[in-house]
Amino acid sequence: MQTKTLDNLQEWVDEIALLTKPDKIYWCNGSELESEHINNILIEKKVFTPLKKKPRSFWCTSDPSDVARVEDRTFICSKEESDAGPTNNWMDPDEMKSILEELFDGSMNGRTMYVIPFAMGVVGGRNSKYGVQISDSPYVVASMRIMTRMGEEALKEIRKTHEFVKALHSVGAPLLSGVEDVTWPCNPNKYIVQFPEDKEIWSFGSGYGGNALLGKKCYALRIASYLGWKEGFLAEHMLILKVTSPDKIINYIAAAFPSACGKTNLAMLDPALQGWKVETIGDDIAWLHFGDDGRLYASNPENGFFGVAPGTGWATNPNAMRTIELGNSIFTNVALTDDGDVWWEGMTEEIPTHLTSWKRQSWTSGSSELSSHPNSRFCTPASQCPTIAPEWENPDGVPISAIFFGGRRDSTLPLVFQARNWQHGVFLGATLSSETTAAATGEVGVVRRDPFAMLPFLGYHAGDYFKHWLSLASVTSENNLPKIFYVNWFRKDRNGKFLWPGFSENSRVLKWAIEQVRGETSSRESAIGLIPLPGAIDTENLNISPELMAEVLNVSKSEWENEIPLIHKWFEFIGDKMPLELWDELSFLEENIASM
Ligand code: OXD
Ligand code: MN
């Protein structure tokens, strides 16, 4: 006999089939055989080009208009507008559903509708959650198999738990009979819609990962952040790493940086410092739950990495390179080499003389165009990463001792500083700012507030979210909570040159933060928080002068005088729900800067 949930699932699948009118329905089981079958469909349709140089790996290019997340087409349709807040697009859920129903009507005509059961987190884990994505894209099926735990096991758990998020996706390109398909069907009219109270996602018109792999941003961040608010956990845009110091003490660190600001690189860091070891737990999303001991434990709900390709190379992230060398990967919008491998800007020092560009055009070195789109991606299994920590699938997660917030700022924010306490740390998260990147459509390089690096991923009102963060201090003692740090790898000198070398040298900042966590204090109070004392950051074997270190750690009165009005404006934009505690923090900062 079928359980109620299975009936509900079947009912939902029937209802969506009636609406979208596919030619066929296929339930995914996640097997190897199925994967081969899906890949063969994609090869036959010329969507996938198998790589000669990497096993079970494929080159793929999108429609040039469908290359990034579409934030202006992303909606949080809570019942009340005041629950979506000023940082989200909102529409009344009934009104939105009627628009979507019209768009989805017949949208899968001529295509196969895939039913994709998946788990976020390990199947059966205490904090894991489940979903079923319906999609008309075999590219989505192949990618979901890498990025989530997809198939039979997840379905069994859905039968047991009676809980799943309904995640509906269509590329919005019905295929008329006799008409030849394009390699990347999509629709210029895009909608990425979350209904948090109904635990539903409706995504229309795009095949790009952040818009179409619904377990990732739509579920594990937007829907899960709302669930976290209601259920008492956090769903965050954070990497998770494990650091082992030379004395074999282990610390776990979570770090929130906006999209395309180096989370994957930090998560797989090869430390420049002798005797230090970094291992990877996750590179993009962390769910944080309180353990029985009152500490925060982080787990990575994903199963793969969907990393930005350009800038990932043997010099900057050798562990990501080793991960993809093992194959089983999908490369989208990068360049194809003449001998059947992939290449992108920043992969190797030597630039190939000839490539096929992401636009499928012949490309020669010296060309004024980039060979790969700046937001081109590799999609690869996390288990293949040589630095993956053995506990990355620990269902209860790992205890976090420090949280880093950071962005891409060419001035004002020093290389690193520490919050005085939890409330101050929440202020640092709430005021996080960064220059925009190619991960979303729109202008690149514009400074914007990106609170907790969650601006595009908040499933509810930003003011309520800040309150939720503040409230954690009343659940446990301050001592149990992670210490909070703010980092900026991207500060530049007057000539526009980066002041800090970054990448493996960032291990020096990790070391200082861990010393702070361990109470081996080497900092001083400044107007903005605790700053490393001169010489406290280990610069051994690094060719950097004390003067340059002072510049990269400088707190400039005039730069902060320019910054404070921007924070003011931001808090006013959040409106009545902006917590008073954070206004107090701003006043304190203002007084501190004034008296510098
Ligand atoms: C991502 C993003 O793809 O943040 O991780 O856009
Ligand atoms: Mn991300």
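The values are calculated or read from the model by the stated rules, or taken from the named source; none is laboratory data. Predicted model, so just to flag it, every value in this text is computed and none were measured. We place every Cβ from the backbone using ideal geometry, glycine too, and count neighbours over all the protein chains shown.
Scanning the stretch 9-35 for residues that are more than 20 Å from E157 (Cα to Cα) and in a strand (DSSP E or B) yields K24, I25. Of everything in the stretch 453-507 that is among the β-branched types (V, I, T) and crowded, with 17+ Cβ neighbours inside 10 Å, the residue that is nearest to ligand 1 (Cβ to nearest atom) is V487. For beta carbons closer than 8 Å, sequence separation of 6+ or different chains, a first residue in the stretch 262-276 that is basic (K, R) and a second that is within 16 Å of ligand 1 (Cβ to nearest atom), the qualifying pairs are K263/M238; K263/L239; K263/A255; K263/F257; K263/D283; K263/D284. Looking only at residues in the stretch 159-199 that are of a type in the set (V, I, T) and at pLDDT below 95, the one that is surrounded by the fewest Cβ atoms within 10 Å (Cβ to Cβ) is V179.
Please tell me if A255 is assigned by TED's automatic domain parsing to the domain that holds P399, within 14 Å of ligand 1 (Cβ to nearest atom), at pLDDT 95 or above and outside any loop (DSSP other than H, G, I, E, B). Yes: the conditions hold for A255. Only one entry of A220, A224 meets the criterion of being within 16 Å of ligand 1 (Cβ to nearest atom) and farther than 25 Å from S329 by Cβ, and that entry is A224. The criterion of at least 3 residues that are closer than 22 Å to Y226 by Cβ is met, among helices (runs of 4 or more DSSP H) falling completely within the stretch 53-150, by 81-84, 93-104.
Screening the candidates N317, N333, N328, N300 for the property of being among the polar types (S, T, N, Q), touching a residue at least 60 places away in the same chain (Cβ under 8 Å) and touching a Pro at 6+ places or on another chain (Cβ under 8 Å) yields one hit, N328. Checked against the criterion of being free of Cβ contacts under 8 Å to residues at least 12 places away in the same chain, of a type in the set (D, E), out of contact with any Cys (no Cβ under 8 Å at 6 or more places or on another chain) and not in a helix (DSSP H, G or I), the candidates E197, E163, E180 yield just one match: E180.
Scanning the stretch 278-324 for residues that are within 14 Å of ligand 1 (Cβ to nearest atom), in a loop (DSSP other than H, G, I, E, B) and among the aliphatic types (A, V, I, L, M) gives I285, A309.
Checking the stretch 298-311 against the condition returns no match, with no residue being surrounded by fewer than 24 Cβ atoms within 10 Å (Cβ to Cβ), at pLDDT 95 or above and closer than 25 Å to A473 by Cβ.
Return yes or no: is T264 within 16 Å of ligand 2 (Cβ to nearest atom), on the phi < 0 side of the Ramachandran plot and not in a strand (DSSP E or B)? The answer is yes for T264. If you go through the stretch 202-216 one residue at a time, do you hit one that is more than 16 Å from ligand 1 (Cβ to nearest atom), closer than 22 Å to C379 by Cα and in the same structural domain as I16 (by TED's automatic domain parsing)? Checked the stretch 202-216: at least one residue is more than 16 Å from ligand 1 (Cβ to nearest atom), closer than 22 Å to C379 by Cα and in the same structural domain as I16 (by TED's automatic domain parsing).
Among what's in the stretch 564-576 and is out of contact with any Pro (no Cβ under 9 Å at 6 or more places or on another chain) and surrounded by fewer than 18 Cβ atoms within 10 Å (Cβ to Cβ), pick the residue that is nearest to V416 (Cα to Cα). Here the answer is I564.
Checked against the criterion of being under 16 Å from the mean Cα position of the chain (by Cα) and in contact (Cβ under 8 Å) with a residue 60 or more places away in the chain, the candidates D450, D396 yield just one match: D450. Being closer than 30 Å to D292 by Cβ, assigned by TED's automatic domain parsing to the domain that holds W489 and within 16 Å of ligand 2 (Cβ to nearest atom) is a property that does not hold for F427. Take the conditions (1) buried (at least 18 other Cβ atoms within 10 Å of the Cβ); (2) within 16 Å of ligand 2 (Cβ to nearest atom); R448 misses just one of them, which is (1).
For the stretch 556-563, the condition of being touching a residue at least 12 places away in the same chain (Cβ under 8 Å), surrounded by 18 or more Cβ atoms within 10 Å (Cβ to Cβ), over 21 Å from S82 (Cα atoms) and in the same structural domain as L415 (by TED's automatic domain parsing) holds for at least one residue.
Residues being hydrophobic (A, V, I, L, M, F, W, C) and part of a helix (DSSP H, G or I) are represented in the stretch 517-540 by at least one member.
Taking the options T161, T183, name whichever one is over 18 Å from G459 (Cβ atoms), away from ligand 2 (no atom under 16 Å from the Cβ) and in contact with a Lys or Arg (Cβ under 7 Å, 6 or more places away or on another chain). That would be T183, the only listed residue that is over 18 Å from G459 (Cβ atoms), away from ligand 2 (no atom under 16 Å from the Cβ) and in contact with a Lys or Arg (Cβ under 7 Å, 6 or more places away or on another chain). Taken together, the criteria place P414 among residues that are buried (at least 22 other Cβ atoms within 10 Å of the Cβ), more than 16 Å from ligand 2 (Cβ to nearest atom), farther than 29 Å from V67 by Cβ and not assigned by TED's automatic domain parsing to the domain that holds A119.
Filtered by the rule that a residue be farther than 27 Å from G262 by Cα and either within 16 Å of ligand 1 (Cβ to nearest atom) or surrounded by fewer than 12 Cβ atoms within 10 Å (Cβ to Cβ) (or both), the stretch 339-353 gives D339, T353.
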